[in-house]
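Below is one structure; the comments refer to it alone.
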Amino acid sequence: VKAAGRDGYRLYRPAMLDAVKGEKALEAELRHAITAREFELHYQPILDVGTRSVHTAEALVRWRHPVRGLVAPDRFIALAERTGLIQPLSEWIIEQACLDAVSWPPSVQLAVNVSATQFKRGNLFDVVMRALLRSGLNPQRLQIEVTETVLLEQQSEQLQTFRRLKAMGATLVLDDFGTGFSSASYLTNFPFDKIKIDKSFIQGLQSRECAAVIASAVVLAKGLGISVTAEGIETESQFEDVRALGIDFAQGYLFGRPVPCNEFVRAPVFRDDL
Ligand code: C2E
Ligand code: CA
Ligand code: CA
Ligand code: CA
């Protein structure tokens with residue numbers, strides 16, 4: 001069953017992928033997909049609320065499966081992490097994203113998502129460095145989005161990696177903010193430049209609780225001198241609400257869905273920025 005994707009194309013999100021095939025068979029398929037280069041990156045704009053222009057593009061990976069069509073990342077990232085395949089996959093993702101971004105206007109930044117396991121293996125810095133060197137992308141244009149699960153273990157090693165990435169000029173973003181249980185303490189212990197409030201809070205804006213989480217996140221971030229992005233904005237009214245709460249950057253279907261690179265650079269929202 002192919003679910004009609006909300007991204008404007010059909011994304012395959014069936015439980016079938018896990019149920020029918022064994023883990024080993026899926027692993028083999030994923031391994032093959034990496035050598036066969038069956039992955040592609042889609043880009044979604046992140047707007048500067050003040051100027052309403054594109055500030056950043058987030059790279060989101062998809063698996064162009066020969067039979068199943070476009071497979072969403074939540075169907076294969078976890079498996080890639082469990083099997084270690086996230087390593088070669090991420091190397092491709094980071095390098096390809098940097099290669100794509102060098103041809104955009106230099107005012108547009110690139111955001112890439114990074115998995116917890118990449119930090120554990122400890123070579124994230126080298127992977128990022130190699131991608132920057134091969135692509136020629138200015139490190140100042142690179143944002144690295146990490147979720148707090150990354151931070152649960154080996155804190156001192158991760159801190160070291162964070163410091164090296166920052167020293168090189170990259171921006172660190174705490175992703176999915178609010179979904180974990182101790183986000184606030186991570187902000188004081190790690191050198192984040194930005195937080196991204198998870199879309200579940202924007203989707204729940206009708207409720208007093210979600211609005212309160214966003215409002216306090218903004219206050220916390222402002223107090224620490226870091227900026228705030230709201231993700232998953234689909235309607236003008238959600239945008240008005242989060243803007244009133246003081247967020248700095250906005251991302252969501254209202255401004256643009258994730259699309260392939262060639263489409264992304266043609267999008268009106270992007271062209272306005274040229
Ligand atoms: P995320 O980093 O929190 O990314 C945001 C997700 O929300 C994306 O789903 C995006 O397409 C979706 N989204 C954006 N705007 C809206 C909106 O207005 N409404 C709704 N309903 N959804 C919106 P996607 O692309 O399926 O990615 C899911 C997750 O997979 C990501 O969550 C991220 O954790 C992971 N992921 C994606 N690409 C990569 C990657 O290259 N590397 C790693 N390690 N993880 C990735
Ligand atoms: Ca993200
Ligand atoms: Ca996520
Ligand atoms: Ca999220």
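If you scan segment 214-242, which residues turn out to be assigned to a helix (DSSP H, G or I) and within 21 Å of the chain's Cα centre (by Cα)?
Residues of segment 214-242 that are assigned to a helix (DSSP H, G or I), as a first pass: 214-224, 236-242.
Across segment 214-242, the qualifying residues are I214, A217, V218, A221, Q238, F239, V242.
Checking the structure you have, find out if any residue of segment 63-70 is within 12 Å of ligand 1 (Cβ to nearest atom), surrounded by 17 or more Cβ atoms within 10 Å (Cβ to Cβ) and without any contact (Cβ under 8 Å) to a residue 40 or more places away in the chain.
Quick first cut of segment 63-70, residues within 12 Å of ligand 1 (Cβ to nearest atom) only: 63, 70.
Within this subset, residues satisfying the condition of being surrounded by 17 or more Cβ atoms within 10 Å (Cβ to Cβ) are 63, 70.
In the following step, the residues that additionally are without any contact (Cβ under 8 Å) to a residue 40 or more places away in the chain were identified as 63.
So far as segment 63-70 goes, yes, one or more of its residues are within 12 Å of ligand 1 (Cβ to nearest atom), surrounded by 17 or more Cβ atoms within 10 Å (Cβ to Cβ) and without any contact (Cβ under 8 Å) to a residue 40 or more places away in the chain.
Can you tell me which of Q203, Q158 is more than 14 Å from ligand 4 (Cβ to nearest atom) and of a type outside the set (V, I, T)?
On the way: Q203 fails: more than 14 Å from ligand 4 (Cβ to nearest atom).
Among Q203, Q158, only Q158 is more than 14 Å from ligand 4 (Cβ to nearest atom) and of a type outside the set (V, I, T).
Within the group L124, L110, which residue is more than 9 Å from ligand 1 (Cβ to nearest atom), crowded, with 21+ Cβ neighbours inside 10 Å, aliphatic (A, V, I, L, M) and at pLDDT below 95? Full working, then the answer.
Values: L110 fails: at pLDDT below 95.
None of the other options fit; the residue is L124.
Taking K166 as the residue in question, decide whether it is modelled with pLDDT of 90 or more, part of a helix (DSSP H, G or I) and either within 16 Å of ligand 2 (Cβ to nearest atom) or not hydrophobic (A, V, I, L, M, F, W, C) (or both).
Details: modelled with pLDDT of 90 or more: yes; part of a helix (DSSP H, G or I): yes; either within 16 Å of ligand 2 (Cβ to nearest atom) or not hydrophobic (A, V, I, L, M, F, W, C) (or both): yes.
For K166, the condition - modelled with pLDDT of 90 or more, part of a helix (DSSP H, G or I) and either within 16 Å of ligand 2 (Cβ to nearest atom) or not hydrophobic (A, V, I, L, M, F, W, C) (or both) - is met.
Consider W92 carefully, then state whether it is of a type in the set (F, W, Y), modelled with pLDDT of 95 or more and over 20 Å from N138 (Cα atoms). Write out each step before concluding.
Details: of a type in the set (F, W, Y): yes; modelled with pLDDT of 95 or more: yes; over 20 Å from N138 (Cα atoms): no.
No: the conditions fail for W92.
Starting from segment 99-115, keep only residues that are without any contact (Cβ under 8 Å) to a residue 40 or more places away in the chain, then list their pairs with residues that are surrounded by fewer than 21 Cβ atoms within 10 Å (Cβ to Cβ) and small (G, A, S) whose Cβ atoms are within a distance under 7 Å, requiring at least 6 positions of separation or different chains.
Hits for this filter: L99/S135; V102/S135; V102/G136.
Being modelled with pLDDT under 85 and assigned to a loop (DSSP other than H, G, I, E, B) is the filter here, so list the residues in segment 179-205 that pass it.
T179, G180, F181, S182
Looking only at segment 17-52, count how many residues are touching a residue at least 60 places away in the same chain (Cβ under 8 Å) and either within 12 Å of ligand 1 (Cβ to nearest atom) or under 12 Å from G256 (Cβ atoms) (or both).
Residues flagged as touching a residue at least 60 places away in the same chain (Cβ under 8 Å) and either within 12 Å of ligand 1 (Cβ to nearest atom) or under 12 Å from G256 (Cβ atoms) (or both) within segment 17-52 amount to 8.
Which of the residues that make up segment 187-197 are within 16 Å of ligand 2 (Cβ to nearest atom) and surrounded by 20 or more Cβ atoms within 10 Å (Cβ to Cβ)? Reasoning before the result, please.
Within segment 187-197, the first condition is being within 16 Å of ligand 2 (Cβ to nearest atom), and the residues that meet it are 192-197.
Within segment 187-197, F192, K194, I195, K196, I197 meet the criteria.
Working only within segment 58-79, note down all residues that are away from ligand 2 (no atom under 16 Å from the Cβ), among the aliphatic types (A, V, I, L, M) and within 14 Å of I34 (Cβ to Cβ).
Correct list: V71, L79.
Residues of segment 243-257 being surrounded by 22 or more Cβ atoms within 10 Å (Cβ to Cβ) and free of Cβ contacts under 8 Å to residues at least 60 places away in the same chain, which ones?
Matches in segment 243-257: G252 only.
Counting only residues that are part of a helix (DSSP H, G or I) and within 16 Å of ligand 3 (Cβ to nearest atom), how many does segment 113-138 have? Spell out the reasoning first.
First pass over segment 113-138, keeping only residues part of a helix (DSSP H, G or I): 116-121, 124-135.
From what's left, within 16 Å of ligand 3 (Cβ to nearest atom): 116-119.
Within segment 113-138, residues that are part of a helix (DSSP H, G or I) and within 16 Å of ligand 3 (Cβ to nearest atom) number 4.
I'm trying to understand the selection: among the residues of segment 229-242, which are without any contact (Cβ under 8 Å) to a residue 40 or more places away in the chain and over 30 Å from W63 (Cα atoms)?
Looking only at segment 229-242, we keep the residues that are without any contact (Cβ under 8 Å) to a residue 40 or more places away in the chain, and these are 230-241.
Within segment 229-242, E236, S237, Q238, F239, E240, D241 qualify.
With the condition kept exactly as written, say whether any residue in segment 94-112 is more than 30 Å from A184 (Cβ to Cβ), in contact with a strand residue (DSSP E or B) (Cβ under 6 Å, 6 or more places away or on another chain) and assigned to a helix (DSSP H, G or I).
Within segment 94-112, one or more residues are more than 30 Å from A184 (Cβ to Cβ), in contact with a strand residue (DSSP E or B) (Cβ under 6 Å, 6 or more places away or on another chain) and assigned to a helix (DSSP H, G or I).
The values are calculated or read from the model by the stated rules, or taken from the named source; none is laboratory data. Please read these numbers as outputs of a predicted model, since none were measured by experiment. Note: ideal-geometry Cβ built from the backbone for every residue, glycine included; neighbour counts use all protein chains shown.
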